[in-house]
């Protein structure tokens, strides 16, 4: 089995091949999500974006409370295979053999996760659908999600939490981690012009040593980075209490709720999804 850095480099190349073919096209607009899924593993390789590895301490403590030998785990949403890798790395040394299902609306992250599972000798199930429409045969013991609530506007969040509640067995656990933006409103937040320019310059320069390995060139990476900075948006969560209310109103009992600053922030870039500091909230809640 290859080491994690080699696998991520291979994934960065694979994602750029898969995204144009597999990413979902929005019927109403004709646009698809290749701009994010084709670039995300490279952004992780470069250490530019935030991902579960930078909040691993919280997730590891939350996962230590799992008491099921072969838990049914739902991964709700993915940009690539980072969450799957983390879950396996935490549970396998304990002898826990999880039964993992990943649900995402796009085929590209599902394909990346199946590829990764094959590389590390794991078996997973995937389902390509909107999480709000997912209807499994059996409920789950655990839902794990990273920075997913911010993909939903305020008006749709209650439906998401109600669905998560329904997908868990009684006593099942939800674990999530999200960026907080205390001064934001309800509308989506994107890159400012200055942030976008800095992001594009940083990504293009940092990618130079890897261009041959991922089968790309500087102009292509620059275009991809520019497209990402132009399109990437997130719907802000303002406080830990806002997250608490979402879960409690959906019938969850909060067992762990922590706020913290970002670890190992990257000062060269800022904007949504980047490691630019700020505050975060990690939550573990149980279905009553």
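Taking the condition of being surrounded by 22 or more Cβ atoms within 10 Å (Cβ to Cβ) and in contact with a strand residue (DSSP E or B) (Cβ under 8 Å, 6 or more places away or on another chain), how many residues in region 23-47 meet it? Of the residues in that region, 2 qualify. In summary, residue 211 fulfils each of the numbered conditions (1) closer than 23 Å to residue 12 by Cβ; (2) in contact (Cβ under 8 Å) with a residue 60 or more places away in the chain; (3) touching a helix residue (DSSP H, G or I) at 6+ places or on another chain (Cβ under 7 Å) with the single exception of condition (2). Within region 249-259, is even one residue surrounded by 14 or more Cβ atoms within 10 Å (Cβ to Cβ), free of Cβ contacts under 8 Å to residues at least 40 places away in the same chain and out of contact with any strand residue (DSSP E or B) (no Cβ under 7 Å at 6 or more places or on another chain)? No, every residue in region 249-259 fails to be surrounded by 14 or more Cβ atoms within 10 Å (Cβ to Cβ), free of Cβ contacts under 8 Å to residues at least 40 places away in the same chain and out of contact with any strand residue (DSSP E or B) (no Cβ under 7 Å at 6 or more places or on another chain).
All of 65, 55 fail the test of being closer than 18 Å to residue 175 by Cα and in a helix (DSSP H, G or I), apart from 55. The lone criterion from (1) over 25 Å from residue 36 (Cα atoms); (2) within 17 Å of the chain's Cα centre (by Cα) left unmet by residue 180 is number (1). Quickly run through region 1-32 and pick out the residues that are in a loop (DSSP other than H, G, I, E, B) and at pLDDT 95 or above. Residue satisfying the conditions is 23 alone.
Residue 69 meets each of the listed conditions (1) touching a strand residue (DSSP E or B) at 6+ places or on another chain (Cβ under 9 Å); (2) farther than 27 Å from residue 274 by Cβ apart from (1). Taken together, the residues in region 60-102 that are within 27 Å of residue 39 (Cβ to Cβ), buried (at least 18 other Cβ atoms within 10 Å of the Cβ) and over 16 Å from the mean Cα position of the chain (by Cα) amount to 1.
So which helices (runs of 4 or more DSSP H) are wholly in region 172-288 and hold at least 3 residues that are within 24 Å of residue 87 (Cβ to Cβ)? Filter on region 172-288 gives 240-249. If we scan region 126-143, do we find a residue that is under 20 Å from residue 37 (Cβ atoms), in contact with a strand residue (DSSP E or B) (Cβ under 9 Å, 6 or more places away or on another chain) and buried (at least 22 other Cβ atoms within 10 Å of the Cβ)? Yes: region 126-143 contains one or more residues that are under 20 Å from residue 37 (Cβ atoms), in contact with a strand residue (DSSP E or B) (Cβ under 9 Å, 6 or more places away or on another chain) and buried (at least 22 other Cβ atoms within 10 Å of the Cβ).
Report the residue count in region 171-208 for those that are free of Cβ contacts under 8 Å to residues at least 12 places away in the same chain and closer than 24 Å to residue 6 by Cα. Summing the residues that are free of Cβ contacts under 8 Å to residues at least 12 places away in the same chain and closer than 24 Å to residue 6 by Cα in region 171-208 gives 2.
The values are calculated or read from the model by the stated rules, or taken from the named source; none is laboratory data. Please read all numbers here as calculations on a predicted model, not as lab measurements. No Cβ is skipped: glycine too gets one built from the backbone with ideal geometry, and neighbour counts run over all protein chains shown.
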